[in-house]
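Worksheet: one structure, shown below.
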Amino acid sequence: MIPHLVTHLPGPARMIRSLRHRNFRLYFFGQVLSLNGTWMQSVAQSWLVYRLTGSGTWLGAVMFANLIPVLLLSLVGGVVADRFDRRRLMLLLHFLAMLQAVTLATATLQGWVTPPLLLLLALWLGLVHAFEVPARHALMASLVPRADLPNAIALNSSAFNIARTVGPALAGALVAWVGEGWVFALNAATFLGVLAGLAWMRVDARPSGEQRGSAWQNLKEGLGYVRSHPTIRAVILLVALLSMVAAVLTVLMPLVVDRRFGGQSLELGLFLGAVGLGALLGAINLARKRGGRTLLPSIARAALLAGAGLLLFPLVSWQWLALPILVVIGFGQTTVAASTNTYIQMEVPDLLRGRVMSIFSTLFIGLMPLGSLLGGAVGDWLGPVPTVVAAGMAMLAGGLLFLARCRPCAAGGR
């Protein structure tokens, strides 16, 4: 379809227009299946760690091990994504992630699982993610025409957040019914969907243009590009702050559910599912937009919304009130993250896409382990409620600062 005719599609069709492209359809539906399993494993693992240790510090340590490789190696992953076929790279990385899930399921079902083993397996998955995340972001531009790229990013975020909504609720019920080990086994099976989708694609996913110089020089080119674009730098820094405060909420959620609301694994799944529902609504809202500098004020407002929700959530005492607040938090967080992703992808040249998106990934995902470790330790010291309140105040301050600075950027400055 000619790009300018997209505007004449009816509203609902325009929101899912990227699914007209075969390669993106294969990727999208494979991701929906696999991401549900990933979220189920994440919730089940969190509950298993808490059941074995009862410690916020251990919860933070396992999440730290899962995410710290992204902080340390994602920039290297971006260089790799700009040098090799991104589809083949994704095939290899998803296969390694499936092996990790099989190992975790086997150890749990056989009764071999211990907190140190969970730490090592979390580190394994984190090493995979350090290379998978920049490759995944960079692959997106090969699956759809440029005119449909903002919609594809929004739909990809929708897939993530459908899983974020459904996965935790399913995990909570399944953990209570059959235990954590079978949840890990189910996650391993869901990788077959994304592996099949990647294998069936017909796409040239090699980076456009020729990479010159050493890997170190390529890395410096990506860092230099971000440094020379103040607007991109500003949105990435806001996402870095979002990463830290979101990690605090995630790692302390089992403690808040237990100590504030008297809940168990089922309630944990419902609470995390409420965040996922809000995130899904945010992604659907973004699917209607075209991207560009008009996203910048929306990013600022969403940051303020997420901060206000984080501030209020731990102060309420009723589950029926906490759940809609969590929906608001999820809406704000996803609007910030996905809008930033869209803005950067539309601005950056394909030759630098892997490296620039690896910087985004490093600060968005890579800082989560620091937030998890810090949040878990401070949560054990001060308690989960004051810690989450402090995270909300930090997000509000960051949103206000970005709002003050984004107006001249949206008006035309770089």
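Bear in mind these aren't lab numbers, they're just calculated from the coordinates by the rules spelled out. Please read all numbers here as calculations on a predicted model, not as lab measurements. Don't worry about glycine lacking a Cβ; one is built from the backbone with ideal geometry, like all the others, and counts go over all protein chains shown.
Computed values, structure above
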{"item": "For the stretch 319-382, the fraction of alpha-carbon pairs in successive 5 Å shells from zero, as %", "result": "4, 14, 15, 16, 19, 15, 9, 6, 3, 1"}
{"item": "Alpha carbon centroid spacing (whole Å) that separates the stretch 138-160 from the stretch 215-247", "result": "20 Å"}
{"item": "All-pairs alpha carbon distance profile, the stretch 243-402, 5 Å steps from 0, percent", "result": "2, 10, 17, 21, 21, 14, 9, 5, 2, 1, 0"}
{"item": "Hull volume in cubic angstrom per residue (convex hull over the Cα atoms of the stretch 224-264)", "result": "63 Å³"}
{"item": "Relative contact order computed over the chain (Cα-Cα under 8 Å; 6+ residues apart), in percent", "result": "29 percent"}
{"item": "Mean projection area, nm², convex hull over Cα of the stretch 88-161", "result": "5.8 nm²"}
{"item": "At least 24 Å along the helix axis (C-alpha) and Kyte average at least 0.0, DSSP helices within the chain", "result": "22-53, 56-81, 86-109, 115-143, 149-178, 180-200, 230-259, 265-287, 295-312, 319-347, 384-410"}
{"item": "Distribution of pairwise C-alpha distances over the chain, 20 Å bins, in %", "result": "28, 61, 11, 0"}
{"item": "Sequence ranges 96-104, 273-281, ranked by mean other-Cβ count within 10 angstrom, highest first", "result": "273-281, 96-104"}
